[in-house]
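Trainee: Got a structure for you, written out below as structure tokens; questions coming shortly.
The values are calculated or read from the model by the stated rules, or taken from the named source; none is laboratory data. As the structure is a prediction and not an experimental result, all values here were calculated from the model. Cβ atoms come from the backbone with ideal geometry, glycine included; neighbour counts cover every protein chain shown. With ligands, DNA and RNA removed, areas are computed over all heavy atoms of the protein, side chains included. Shrake-Rupley method; radii C 1.70, N 1.55, O 1.52, S 1.80 Å.
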Amino acid sequence: MRLDSLIFTDADEARKHLEAQRWPNGPVCPHCGNVEQSKITALKGTKHRPGVYQCNACREQFTVTVGSVFEHSKIKLNKWLLATFLMASSKKGMSAHQLHRMLGVTYKTAWFMAHRIRAAMAEDVKSAGPLGGEGKVVEADETYFGQNDIQPTTRTDGTPFKKGGKRGPVGKRAVVALVERGGSVRSFHVETANVETVRTILFTNVSRKSQLHTDESRLYTVAGKDFEAHRTVNHSGKEYVRYDDAGIVHSNTVENVFSVFKRGMHGVYQHCGEAHLHRYLAEFDFRYNRRSALGVEDTLRHDMLLARIGGKRLTYRRIGEARNA
């Protein structure tokens, strides 16, 4: 899709396109859920702007943005659609500064728009069901990115750090990812990547009938026994792929996921507050799960995103307003 397409330059064309994605079978009342078209009327005339409907079942008026991440926004709808297209089609992300330059909005507005779009990208893992299954391989791994907002001063056993400072993953943000080989990824920001946390994530998101492939980390030793098979590669011994009678053993797929994520975070976003890290993970997961290798190109990925904007309102209030709410 070209960036000079009408849906990116004309608000009315953008509305029609969004209606086609959200309501393929006709308008749906977001207030009462009525789908009977004979009870929904398109309001016309000079008193009503285009795209306003009235539900004759509950007597409420609505537009296609009601109940979505676009609701109550004063930004033109064509700019919203351009922002969603840019974020859905940019493999390593699109910074808020770049959005603000391309859309002609303030940086603050672009930052808020980007987070609303990330909220729409978030997967509903409960409805999606578990990863893997009989005869399928799920790769699991953890990585550490950036510094925690609050840095620890002692080790886990309570002893203070020595003069040399902290080593390894201490004080860094932990991310655990699960990838079904040839399928989807699910990434999680966790406070601490320990045996219990990893075990809970695995048992909640992966079918026990799957084969689990990991590196030699002891985080997966106990949990791996509950799966059909648990096979490992020894990265510390420079073993990255092993061929045996059961097939190819590696964790390269999840390593590739981390590679794209880190390149985007370092090269595009550069800084991310820890409170928002889960939203950035949702963004990268969304694009990976709808990648070109699965037959999903930019235009289709964009339409898939627009179909997910409902029921995911995201609002920010000042601290004083939040306390008085």
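Trainee: Do we find that K225 is assigned to a loop (DSSP other than H, G, I, E, B) and open to solvent by 30 Å² or more (accessible area, probe 1.4 Å) in this structure?
Mentor: Criteria not met by K225.
Trainee: Of all residues being open to solvent by less than 60 Å² (accessible area, probe 1.4 Å) and outside any loop (DSSP other than H, G, I, E, B) in the stretch 265-278, which is farthest from G93 (Cα to Cα)? Just the residue, please. Show your work before the answer.
Mentor: Step one: of the stretch 265-278, the residues open to solvent by less than 60 Å² (accessible area, probe 1.4 Å) are 265, 267-269, 272-274, 276-277.
Among the residues that remain, those that are also outside any loop (DSSP other than H, G, I, E, B) are: 265, 267-269, 274, 276-277.
Working: M265: 8, G267: 9, V268: 7, Y269: 8, E274: 18, H276: 15, L277: 14 Å.
Only one residue tops the list, namely E274.
Trainee: If you don't mind, another one. Any idea which residue in the stretch 117-146 is surrounded by the most Cβ atoms within 10 Å (Cβ to Cβ), counting only those that are modelled with pLDDT under 90 and among the aliphatic types (A, V, I, L, M)?
Mentor: It comes out as V125.
Trainee: From R279, R199, R186, which residue is basic (K, R) and either over 28 Å from A122 (Cα atoms) or touching a Phe, Trp or Tyr at 6+ places or on another chain (Cβ under 9 Å) (or both)?
Mentor: R199
Trainee: Related question: Is it the case, given these coordinates, that R287 is exposed (fewer than 15 other Cβ atoms within 10 Å of the Cβ), in contact (Cβ under 8 Å) with a residue 60 or more places away in the chain and either of a type in the set (D, E, K, R) or not in a loop (DSSP other than H, G, I, E, B) (or both)?
Mentor: Details: exposed (fewer than 15 other Cβ atoms within 10 Å of the Cβ): no; in contact (Cβ under 8 Å) with a residue 60 or more places away in the chain: yes; either of a type in the set (D, E, K, R) or not in a loop (DSSP other than H, G, I, E, B) (or both): yes.
Against the criterion (exposed (fewer than 15 other Cβ atoms within 10 Å of the Cβ), in contact (Cβ under 8 Å) with a residue 60 or more places away in the chain and either of a type in the set (D, E, K, R) or not in a loop (DSSP other than H, G, I, E, B) (or both)), R287 does not qualify.
For (1) open to solvent by 70 Å² or more (accessible area, probe 1.4 Å); (2) part of a loop (DSSP other than H, G, I, E, B); (3) under 15 Å from L306 (Cα atoms), each residue gets a yes or a no:
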site: A14; (1), (2), (3): no, no, yes
site: H17; (1), (2), (3): no, no, yes
site: A20; (1), (2), (3): no, no, yes
site: G26; (1), (2), (3): no, yes, no
site: P30; (1), (2), (3): no, yes, no
site: V35; (1), (2), (3): yes, yes, no
site: S38; (1), (2), (3): yes, no, no
site: G45; (1), (2), (3): no, yes, no
site: R49; (1), (2), (3): yes, yes, no
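Trainee: Listed residues L82, L43; which is over 21 Å from E274 (Cβ atoms), in contact (Cβ under 8 Å) with a residue 60 or more places away in the chain and touching a Phe, Trp or Tyr at 6+ places or on another chain (Cβ under 9 Å)?
Mentor: L82
Trainee: Separate question: Need the failing condition index for Y107 against (1) under 23 Å from G264 (Cβ atoms); (2) buried (at least 17 other Cβ atoms within 10 Å of the Cβ); (3) without any contact (Cβ under 8 Å) to a residue 60 or more places away in the chain, just the number.
Mentor: Every listed condition holds for Y107 apart from (2).
Each row is one residue, and each column tells you yes or no for (1) loosely packed, with under 13 Cβ neighbours inside 10 Å; (2) free of Cβ contacts under 8 Å to residues at least 40 places away in the same chain.
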residue: R231; (1), (2): no, yes
residue: A246; (1), (2): yes, yes
residue: F258; (1), (2): no, no
residue: R263; (1), (2): no, no
residue: Y280; (1), (2): no, no
residue: R291; (1), (2): no, yes
residue: T299; (1), (2): no, no
residue: D303; (1), (2): no, no
residue: G311; (1), (2): yes, no
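Trainee: Follow-up. When the stretch 192-214 is examined, which residues are found to be of a type in the set (G, A, S) and modelled with pLDDT under 95?
Mentor: Once the filter is applied, which keeps residues that are of a type in the set (G, A, S) and modelled with pLDDT under 95, the stretch 192-214 yields only A193.
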